[in-house]
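Working notes, structure below.
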Amino acid sequence: MSLLVVGLSHRSAPVSVLERASLAAETQSKLLQDALAAEPAAEATVLATCNRIELYADVDKFHAGVAELSTLLAQHSGVGLDELTPYLYVHYEDRAVHHLFSVACGLDSMVVGEGQILGQIKDALALGQETHTAGRLLNDLFQQSLRVGKRAHSETGIDRAGQSLVTFGLQQLAGGADTADWAKGKRALVIGAGSMSSLAAATLARTGVAEIVVANRTRARADRLVEILGQAGGTGVTARAVEMAAVSDELTRADVVVSCTGATGLVLTGETVAGALGLPFDAAATAVEAPAEPAADLDQHAAWVENGSVATTAQAQAVRRATVPAQSTGPVRLALLDLAMPRDIDGAAARLDGVRLVDIESLAEASADAPMAADVDQVRTIVADEVAAFGAAQRAAHITPTVVALRTMAADVVAGEIARLDGRLPDLDEKQRAEITQTVRRVVDKLLHAPTVRVKQLASEPGGAGYADALRELFDLDPQTVAAVSRADLNDPNRGRS
């Protein structure tokens, strides 16, 4: 196994970089195709969420793989390699497995323990399967990560360690007050009708807002979300859909706004928010400074991995620290929650009187100081155990084609000898012939049983990769036969399907 992951997330990069490096769906497919066209990668898939972009690949050369994957991320994200490199992290082999399993359990999320990442991992696997870029290793890895994540949620209280990003965001907007008391009677405007916006609308309804207005570029999707909200019995919420052109008008009546669209530019500018509140807007006074960027290079990232070291949390926070616009003081007239990447709402709106803005960046800052539940340690133990088990299974699977080829060769030898016996003893009846055939097969099976079972056990241990080579050498197995078994296993239509 030569698994490599190169990526950036809220832990390594400021939101100002993450939002520029976001990948559209069609861009992700092109990225995977280009990754396979690159020499070091045999298979690849990408995990792209609102706060992380990670490219996973099976590579035959580490340094070349790091350089190639980093270059591809830069090319397809539109952020220059020199600018992107300081924020990239690299994980290799078991460390890469450990990273994905931790992500699947919610340990690497902004809000520890959130479960939405499991759906995003499933989407990443599906994309790799649809583009035919995910092979045996990545299919096995991502399927197992889903199982590990589900195990963590079912066997521990990791769910108590955090909530969904929406719930956590609403808590931040409430400013320490009870969320239900804060939301009671409020009018909410939800911009967007995708999965995150739908989750936000449902959460707002459960929290107790009086009205939800949904605006979306495709009116039919907004209508559908409103219909779903109406079917959610017991909330008592009034819901209606509007065109995107009506957002400015609805903003004047809203108490809470949640926005999560796929727009590449701002959906709500500072000037629009100021106009809705009847406030003057001074662009110069509300400007936000760009964060300073650290220095690093690809060789430094590669050295971290080869030396077996990982950047500490403090180092990661230092790399991703950015200037967050100062919040206005006084009573809150309009609460804004921006869950989009790139951001939907102008950060300058936070400086307006009576406005409270919570976005991905401020959520990251708030969650960094959140207390960790005791269950997190239990999840970390699960992850460590599952990483060891996955590595052992992969090493054992590596020798399976060789064992199958050996048994195939033995079966051919038995068939050849039985054919010779038929020629020398043509008068054998069917019963006698069957008994002799069965006896010879039992002898061969007994001779091969112990060594093949033992070699699988040895191969599953660290450093056991050489046993397959030894077996091929000892029994003079045809490498093409072994390769054919591997291809047959890889092309199994049932492998890796969720």
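Before moving on, here are some points about what is shown:
- Residues of segment 1-24 that are among the aliphatic types (A, V, I, L, M) and in contact with a helix residue (DSSP H, G or I) (Cβ under 8 Å, 6 or more places away or on another chain): 1, 3, 4, 5, 6, 8, 13, 15, 17, 18, 21, 23.
- Long-range neighbours under 9 Å by Cβ, at least six apart or interchain, first residue on the phi > 0 side of the Ramachandran plot within segment 195-221, second open to solvent by less than 20 Å² (accessible area, probe 1.4 Å) and assigned to a helix (DSSP H, G or I): 208/183
- Matching entry among 45, 49, 85 (being open to solvent by 20 Å² or more (accessible area, probe 1.4 Å) and β-branched (Val, Ile, Thr)): 49
- Flag for residue 396 being surrounded by 13 or more Cβ atoms within 10 Å (Cβ to Cβ), more than 29 Å from residue 18 (Cβ to Cβ) and touching a Lys or Arg at 6+ places or on another chain (Cβ under 6 Å): yes
- Meets criteria (at pLDDT 95 or above, outside any strand (DSSP E or B) and open to solvent by 20 Å² or more (accessible area, probe 1.4 Å)) for residue 98: yes
- Restricting segment 101-132 to residues that are assigned to a loop (DSSP other than H, G, I, E, B) and in contact with a Ser or Thr (Cβ under 6 Å, 6 or more places away or on another chain), the residue that is nearest to residue 64 (Cα to Cα) is 131.
- A search for C-beta distances below 7 Å between a residue of segment 340-369 that is at positive phi and any residue that is of a type in the set (A, V, I, L, M), counting only pairs 6+ apart in sequence or on different chains, returns 354/277; 354/332; 354/334.
- Hits in segment 178-208 - residues which are among the β-branched types (Val, Ile, Thr) and more than 15 Å from residue 332 (Cβ to Cβ): 190, 191, 203, 207
- Here residue 170 meets the list (1) farther than 25 Å from residue 394 by Cβ; (2) part of a loop (DSSP other than H, G, I, E, B); (3) touching a residue at least 12 places away in the same chain (Cβ under 8 Å) almost entirely, failing just condition (2).
- Boolean, residue 124 is modelled with pLDDT of 90 or more and either within 13 Å of the chain's Cα centre (by Cα) or within 26 Å of residue 360 (Cβ to Cβ) (or both): yes
- Residues satisfying the stated conditions in segment 121-155, i.e. open to solvent by less than 30 Å² (accessible area, probe 1.4 Å) and under 21 Å from residue 378 (Cα atoms): 145, 146, 148, 149, 152
- Single unsatisfied condition, residue 118 versus (1) more than 17 Å from residue 46 (Cβ to Cβ); (2) hydrophobic (A, V, I, L, M, F, W, C); (3) open to solvent by 20 Å² or more (accessible area, probe 1.4 Å): (1)
- Residue in segment 155-162 that is assigned to a helix (DSSP H, G or I) and under 23 Å from residue 46 (Cα atoms) present: no
- Test result for residue 27, part of a helix (DSSP H, G or I), open to solvent by 20 Å² or more (accessible area, probe 1.4 Å) and more than 26 Å from residue 152 (Cα to Cα): yes
- You will find that of 222, 193, the residue that is touching a helix residue (DSSP H, G or I) at 6+ places or on another chain (Cβ under 6 Å), outside any strand (DSSP E or B), open to solvent by less than 80 Å² (accessible area, probe 1.4 Å) and modelled with pLDDT under 95 is 193 and no other.
- Segment 51-88: number of residues that are more than 13 Å from residue 6 (Cα to Cα) and in a loop (DSSP other than H, G, I, E, B): 6
The values are calculated or read from the model by the stated rules, or taken from the named source; none is laboratory data. Everything numeric here is computed off the predicted structure, so don't read it as measured data. When we count neighbours, we look across all protein chains shown, and the Cβ atoms used for this are built from the backbone with ideal geometry, even at glycine. Areas reflect the complete protein model, heavy atoms only, side chains present, ligands, DNA and RNA absent. Shrake-Rupley method; radii C 1.70, N 1.55, O 1.52, S 1.80 Å.
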